[in-house]
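Engineer: Structure incoming, see below.
The values are calculated or read from the model by the stated rules, or taken from the named source; none is laboratory data. Since the structure is predicted, the reported quantities are computational estimates derived from the model, not experimental observations. Virtual Cβ from ideal backbone geometry, glycine too; neighbours counted across all protein chains shown. Side chains included, ligands, DNA and RNA excluded: accessible areas come from the protein's heavy atoms. Shrake-Rupley method; radii C 1.70, N 1.55, O 1.52, S 1.80 Å.
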Amino acid sequence: MEFWHLQMQWPHGPDGGLEINPMDMLQNTPPVIGTGEWANHQCSDFKNRVKKGDIVCVRKGKKAVALCEVVGDNFNDQELEKKFINHNYRRINLLDTNPPARDFPQTQGTLTIAEDKEKATWNFINDWYNAYKMKEIKELLEYKKQIILQGPPGTGKTHTAKEIAEKITKSNKENWKIIQFHPAYSYEDFVRGIVATKTEEGSISYEVVNKTLAEFAQKLREIRSKMRMCMS
């Protein structure tokens, strides 16, 4: 997945004298992004280098307009060209139209890849994309109560899980915990188990001890009890 930023309000280029509203293309059925036809690398990149799954930040100068995911190859369409003047099109999923509350760092260029993680352009798009994904995950969790993060080792699943937990609990680390289930991790480790302790007299004493799940359940019970007291 690569990040790109794109201006598409000038089908004939910034000096072509014709300007369109990019939101009209983004709200088309199906939604699309597009460029004119020019003999330069930006047009070639739009047609050949941008891949399915890439994320595109559509902007008008320093104002970000929308965040999109590319889902189709380049194509030409006479009906679209009549409506939007642009010659080349890619189908997209429109992800978000609420950009970060700051100006886009770069105002020049029609289509530019953002691949340097030290640059402000990459960080702008990355911050926006992460905020969108976190909102999507939070809404999914509120509906389904659980999600599965998939991917090979080293792709950030644990890090993402921690970010989700911090967002939901508003960074209160007392209200979440990372658990790794494996063959040696038993019910007694996760819910409740019997623990043997040695008394002062040297004998063995056994007691039932709450573990992670039971501790959280007890904490929730105490919170609900306090809420009922406050409401009564």
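Engineer: Using only alpha carbon pairs under 8 Å that are at least six residues apart, calculate the relative contact order of segment 110-191 and give it in whole percent. Could you put the intermediate results ahead of the total?
Structural biologist: Numbers: 22 pairs, mean separation 11.2, N = 82.
Once divided by the residue count of segment 110-191, the mean separation gives 14 percent.
Engineer: Moving on to the next point. As an exercise, identify the GluC sites (Glu not before Pro) in segment 157-217 lying in DSSP coil whose Cβ has no more than 16 other Cβ atoms within 10 Å.
Structural biologist: Values: sites: E163, E166, E174, E188, E200, E201, E207, E215; in loops: E200, E201.
Filter output for segment 157-217: E200, E201.
Engineer: Given a 1.4 Å probe and heavy atoms of the protein chains only, how would you sort K170, K133, largest accessible area at the top? Intermediate results must be reported in sequence, preceding the final value.
Structural biologist: Details: K170 175, K133 70 Å².
Accessible-area ranking of K170, K133, largest first: K170, K133.
Engineer: What do you reckon, how do L26, L149 stack up by accessible area (1.4 Å probe), largest on top?
Structural biologist: Details: L26 5, L149 65 Å².
Sorted descending by solvent-accessible area, the residues read L149, L26.
Engineer: Between the DSSP loop rule and a limit of at most 10 other Cβ atoms within 10 Å, which GluC sites (Glu not before Pro) in segment 71-147 are left? Write down the numbers at each step before the final one.
Structural biologist: Working: sites: E79, E81, E115, E118, E136, E139, E142; in loops: E115, E118.
The qualifying sites are E118.
Engineer: On average, how much accessible surface per residue is there in segment 41-167, in Å², for a 1.4 Å probe, leaving out ligands, DNA and RNA? Intermediate values should be presented prior to the final figure.
Structural biologist: Working: 7680 Å² over 127 residues.
For segment 41-167, the solvent-accessible area averages 60 Å² per residue.
Engineer: Note down the accessible area of S225, probe 1.4 Å, to the nearest 10 Å².
Structural biologist: It works out to around 50 Å².
Engineer: Follow-up. Which order do you get for Y206, Y185 if you rank them by accessible area with a 1.4 Å probe, largest at the top?
Structural biologist: Working: Y206 160, Y185 55 Å².
Largest accessible area first, the residues go Y206, Y185.
Engineer: Please report, as a whole percent, how much of the solvent-accessible surface of the chain comes from carbon and sulfur atoms (probe radius 1.4 Å). Can you show the working numbers first?
Structural biologist: On the way: 7710 of 15330 Å².
The C+S portion of the solvent-accessible surface of the chain is 50 percent.
Engineer: Calculated from the structure, volume of the Cα convex hull per residue in Å³ equals which of (i) 114; (ii) 133; (iii) 210?
Structural biologist: (iii)
Engineer: Can you give the accessible area of T121, probe radius 1.4 Å, in Å² rounded to 10?
Structural biologist: 20
Engineer: Also, I was wondering about something else. Of Y89, P100, I137, which is farthest on the positive side of the dipole of segment 56-137, counting Cα position, with +1 on Lys and Arg Cβ, -1 on Asp and Glu Cβ, and the Cα centre as origin?
Structural biologist: Working it through, the farthest residue towards the positive pole turns out to be P100.
Engineer: Per-residue ellipticity at 222 nm for the chain, helices alone: DSSP H runs ≥ 4 residues times -39500 (n - 2.57), over residue total, nearest 500 deg cm²/dmol?
Structural biologist: Values: 7 runs with 77 residues, N = 232.
Using -39500 (n - 2.57) per qualifying helix, the result is -10000 deg cm²/dmol.
Engineer: Find the relative contact order for the chain and round it to a whole percent, using C-alpha pairs within less than 8 Å whose residues are 6+ positions apart. Intermediate results must be reported in sequence, preceding the final value.
Structural biologist: On the way: 318 pairs, mean separation 35.3, N = 232.
Worked out over the chain, it gives 15 percent.
Engineer: Another question, then. Work out how much length L95 to V195 would gain on full extension: take 0.36 nm times their residue separation and subtract the Cα-Cα distance, in nm to one decimal. Could the numbers behind the result be given before it?
Structural biologist: Values: separation 100, 0.36 × 100 = 36.00 nm, distance 5.08 nm.
Here the answer is 30.9 nm.
Engineer: Could you list the residues of segment 1-29 with an amide nitrogen less than 16 Å from a label point located 7 Å from the Cα of D77 in the Cα-to-C-beta direction?
Structural biologist: Residues passing the 16 Å test: 22-29.
Engineer: Just report the Cα centroid separation between segment 35-51 and segment 113-139, whole Å.
Structural biologist: 23
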